[in-house]
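Q: My questions will all concern the structure given below.
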Amino acid sequence: MTAPVVTVTGGPDERPVIAPPRTRRQRPARGRSRSNFEMYAWIFMRMSGLLLLVLVLGHLLIMNILDGGVQRVNFAFVAGRWASPFWRTWDLATLWLAELHGTNGLRVIINDYAERDGTRFWLKMLLYTSTFFVLLLGTLVIFTFDPNLS
Amino acid sequence: MPKAPAGTLYRGREGMWSWVAHRVTGVLIFFFLFAHVLDTALVRVSADSYDRVIDTYKTPLVNVMELGLVGAVLFHALNGLRVMAIDFWDKGARFQRQMTWAIVAVFIVVMVPGAYFMLKHTVEAIFGSAS
Ligand code: HEM
């Protein structure tokens, strides 16, 4: 879903360029969606991607690489980290952004490969159900974490 | 009459393969996220059940798979930046191929020390150094 790349061929100017945005959008054909959902989804993929760059790479650096990596992770380690509102916020933001970014990515992929309407519909229902479930469970875990649980 | 293109290549080369890799890594990370939210949810069940599932992450086989996951995320993140550069930087499309190779370079520079620290314990456990 990158912007269309058009190649200017022939002459000394030969190079790939991005087609300039049209000043006026073509009205969608009747019966098609009139919302700008796809544009907002496209922007969201890029905005969330930038944030995830810091959130996810930071998460992997801390959990898997620094100071012994995964070998030092256990319940007590989680309790220590989640004592701080900063890391709970970090993890909550990572959860929501990664899950929504991934869900939209999969929605696009389903649209690309599932050709029958019914297949597309049911694959997306399965996807959205799992998204709802993961966000609910993950959010509950972060908000209700109890460090004194034995 | 023009011949049909051989195989199922779209355009081949760096542009197509980085797109394929971006898609494959994105799906892989998404499925892992599902499993990861489930295993983390065990902190609400008991400290012991959480510790046991995390112990599997410390075994050699899973440890190596983690390295693959970190590599997948790193590639996806770097290539995501490249995609944004193609979208928003006026010379992005012209340099997309060079940017792909820049990603490969950054990937190697980050993954070599990353792999060292991630696999250190596993290598020591298997080949029994000092401890
Ligand atoms: C670490 C920082 C990340 C960055 C910078 C990033 C960037 C991007 C960008 C810019 C796109 C849009 C590509 C396009 O429209 O052509 C994209 C697609 C995608 N991303 Fe990410 N992403 C990141 C993390 C993640 C994570 C954590 C997941 C999984 C939960 C994920 C899953 C996906 C999927 C499934 C797609 C769709 C791929 C496709 O349509 O071919 N990404 N990513």
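The values are calculated or read from the model by the stated rules, or taken from the named source; none is laboratory data. Because the structure is a prediction, the values reported are computed rather than measured. Here the Cβ is made from the backbone with ideal geometry for all residues, glycine too, and neighbour counts use every protein chain on show. Accessible surface is based on the protein model in full, side chains and every heavy atom, while ligands, DNA and RNA are left aside. Shrake-Rupley method; radii C 1.70, N 1.55, O 1.52, S 1.80 Å.
Q: Along the Cα-to-C-beta direction of B:Ser49, a point sits 7 Å from the Cα; which residues of region A:51-73 have their amide N less than 15 Å from that point?
A: Label zone hits: none.
Q: Is it possible to state the helix-based mean residue ellipticity at 222 nm for chain B, with each DSSP H run of 4+ residues giving -39500 (n - 2.57), the sum divided by total residues, to the nearest 500 deg cm²/dmol? What is it?
A: -27500 deg cm²/dmol
Q: Something else about it: Sum up the charges of everything whose Cβ sits under 13 Å from the Cβ of B:Ser49, counting Lys and Arg as +1 and Asp and Glu as -1, but leave B:Ser49 out.
A: With Lys, Arg at +1 and Asp, Glu at -1, the neighbours total -2.
Q: Roughly how many Å is it from the Cα centre of region B:78-131 to that of region A:56-101, as a whole number?
A: 21 Å
Q: While we're looking at this one, here's another question. Please average, across the residues of A:133-146, the number of beta carbons from any other chain that are within 10 Å of each residue's own beta carbon, and give a whole number.
A: Mean shielding by partner chains, rounded to a whole number: 3.
Q: What aspartates and glutamates sit close enough to B:Lys120 to cross-link, taking a C-alpha to C-alpha distance under 15 Å and skipping anything fewer than 8 places away on the same chain?
A: A:Asp67, B:Glu66
Q: Something else: Excluding residues on the same chain fewer than 8 positions from A:Lys124, give the aspartates and glutamates whose Cα lies under 19 Å from its Cα.
A: Excluding near neighbours in sequence, the set is A:Glu38, A:Glu99, A:Asp112, A:Glu115.
Q: What's the long-distance tail for region A:60-150, i.e. % of Cα pairs beyond 16 Å?
A: More than 16 Å apart: 65 percent of the Cα pairs in region A:60-150.
Q: Applying 1/(1 + (r/R0)^6) with R0 = 30 Å to the Cβ-Cβ distance of A:Leu136 and B:Ala105, what FRET efficiency is obtained, to the nearest 0.05?
A: 0.15
Q: Which whole-Hz ³J(HN,Hα) couplings does region A:43-49 yield from phi under the Karplus relation 6.51 cos²θ - 1.76 cosθ + 1.60, θ = phi - 60°, glycine and proline marked x?
A: After applying 6.51 cos²θ - 1.76 cosθ + 1.60, I find 5, 4, 4, 7, 5, 5, x Hz.
Q: A follow-up question, please. Once the Cβ-Cβ distance between B:Gln98 and B:Val27 is put in as r, and R0 is 35 Å, what FRET efficiency do you end up with, to the nearest 0.05?
A: 0.85
Q: Using a simple spin-label model with points 7 Å from Cα along the Cα→Cβ vector, what separation in nm is obtained for A:Ala76 and A:Leu149?
A: That separation, rounded to one decimal, is 1.9 nm.
Q: Here's a follow-up. Using only protein heavy atoms and a 1.4 angstrom probe, determine the accessible area buried between B and A, summed over both sides, in Å² to the nearest 100.
A: Summing both sides, the interface buries roughly 3800 Å².
Q: In addition: Just to confirm my numbers, what's the Cα centroid distance between region A:128-150 and region B:8-30 in Å?
A: 32 Å
Q: Please turn the phi angles of region A:122-131 into ³J(HN,Hα) values with the Karplus equation 6.51 cos²θ - 1.76 cosθ + 1.60 (θ = phi - 60°), one per residue in order, whole Hz, x for glycine and proline.
A: Per-residue couplings from phi come out as 6, 4, 6, 4, 4, 4, 5, 4, 5, 4 Hz.
Q: Compute from the Cα atoms of chain B the Rg and the Dmax, the latter being the longest Cα-Cα distance, and quote both in angstrom.
A: Rg and Dmax of chain B, Cα atoms, are 19.8, 71 Å.
Q: Still on this structure, I have one more. What net charge do the residues around A:Ser150 carry, taking every other residue with its C-beta under 12 Å from that of A:Ser150, with Lys and Arg at +1 and Asp and Glu at -1?
A: Net local charge, A:Ser150 excluded: -3.
Q: Over region B:14-124, with the other protein chains present, what is the accessible area per residue in square angstrom, probe 1.4 angstrom?
A: 52 Å²
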